[in-house]
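The structure appears right after this line, and notes come after that.
The values are calculated or read from the model by the stated rules, or taken from the named source; none is laboratory data. Note that the structure is a prediction, hence the values are computed from the model and not measured. Using ideal geometry, Cβ is built from the backbone for each residue, glycine included, and neighbour counts are taken over all protein chains shown. Areas reflect the complete protein model, heavy atoms only, side chains present, ligands, DNA and RNA absent. Shrake-Rupley method; radii C 1.70, N 1.55, O 1.52, S 1.80 Å.
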Amino acid sequence: MTDRKDELAGNLAEVEERIAAACAAAGRRREEVTLIVVTKTYPAADVRILSELGVRHVAENRDQDAAPKAAECSDLPLTWHFVGQLQTNKVRSVVGYADLVQSVDRSRLVTALSKEAVRAGREVGCLLQVALDAGESARGERGGVAPGGIGELADLVAGAPGLRLDGLMTVAPLTGEYAGRELAAFERMMDLSTDLRRAHPAATMVSAGMSADLEQAVAAGATHVRVGTAVLGVRPRLG
């Protein structure tokens, strides 16, 4: 376990250096950017080590993996983010442990989240997942609402009992006009965030950037970066 702790500590230090350097280059303070460690496919033991190393935000993308892991780590001072595409039949389980759901992209999901949050007596933070590879009114290849649908969906979340509209999330698109142009994609997200905050001033979060492109996300103005591989290593192939 000591070897694993040393490995994770070293990886975390390198990621910290990257974030700090990106903040300095962008003229931002380091505390403006929150690191979320994506722990999917890794065991609860790793989550425990990360907590010991000072990590406070972790993310999962599959409920069947996340639910038992969150239960096993319920004693830790962690904020749990759900970042995967979420089916409505998994909402009750996810609401049981997730403090924030970053993949809200359709009205039916908002309705389901609201119902279960009220039932559980919880307030769940919501980020609208924006698909920059979608047309103005289509859905993205990996989920997400098109830019043209943000306003309507934001109003729905803001008015839903048990939910809190916290901001926007995106993944750098693999297709479309922003493919291979991560900085431009994230700058577009910041413009969309500015538009959103005119109607919903408290929705200040912008979750963008992962292991390969966190620098571009920080340069554009992201408030949260989601890093998995650079902290935990290359994930084992499933199946």
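A few remarks follow.
- Boolean, LEU153 is touching a residue at least 24 places away in the same chain (Cβ under 8 Å), under 24 Å from GLN87 (Cα atoms) and not in a loop (DSSP other than H, G, I, E, B): yes
- Against the list (1) touching a Ser or Thr at 6+ places or on another chain (Cβ under 7 Å); (2) under 24 Å from GLY228 (Cβ atoms); (3) surrounded by fewer than 24 Cβ atoms within 10 Å (Cβ to Cβ), the condition GLY96 fails is (1).
- Hits in the stretch 180-201 - residues which are open to solvent by less than 40 Å² (accessible area, probe 1.4 Å), among the aliphatic types (A, V, I, L, M) and touching a residue at least 24 places away in the same chain (Cβ under 8 Å): ALA185, MET189, MET190, LEU192, LEU196
- Filter result for LEU156 (within 16 Å of GLN102 (Cβ to Cβ) and at pLDDT 95 or above): no
- Candidate set: the stretch 159-179, residues that are crowded, with 23+ Cβ neighbours inside 10 Å and of a type in the set (Val, Ile, Thr); chosen: the one nearest to VAL104 (Cα to Cα): THR170
- Among the residues of this structure, ALA230 counts as one that is part of a helix (DSSP H, G or I), surrounded by fewer than 23 Cβ atoms within 10 Å (Cβ to Cβ) and touching a Ser or Thr at 6+ places or on another chain (Cβ under 7 Å).
- Residues (farther than 15 Å from HIS224 by Cβ, among the charged types (D, E, K, R) and in contact (Cβ under 8 Å) with a residue 40 or more places away in the chain) located in the stretch 19-65: LYS40, ASP46, GLU52
- Taking the stretch 106-128 as the range and being touching a strand residue (DSSP E or B) at 6+ places or on another chain (Cβ under 6 Å) and either open to solvent by 10 Å² or more (accessible area, probe 1.4 Å) or under 14 Å from ALA67 (Cα atoms) (or both) as the test, the residues that pass are SER114, GLU123.
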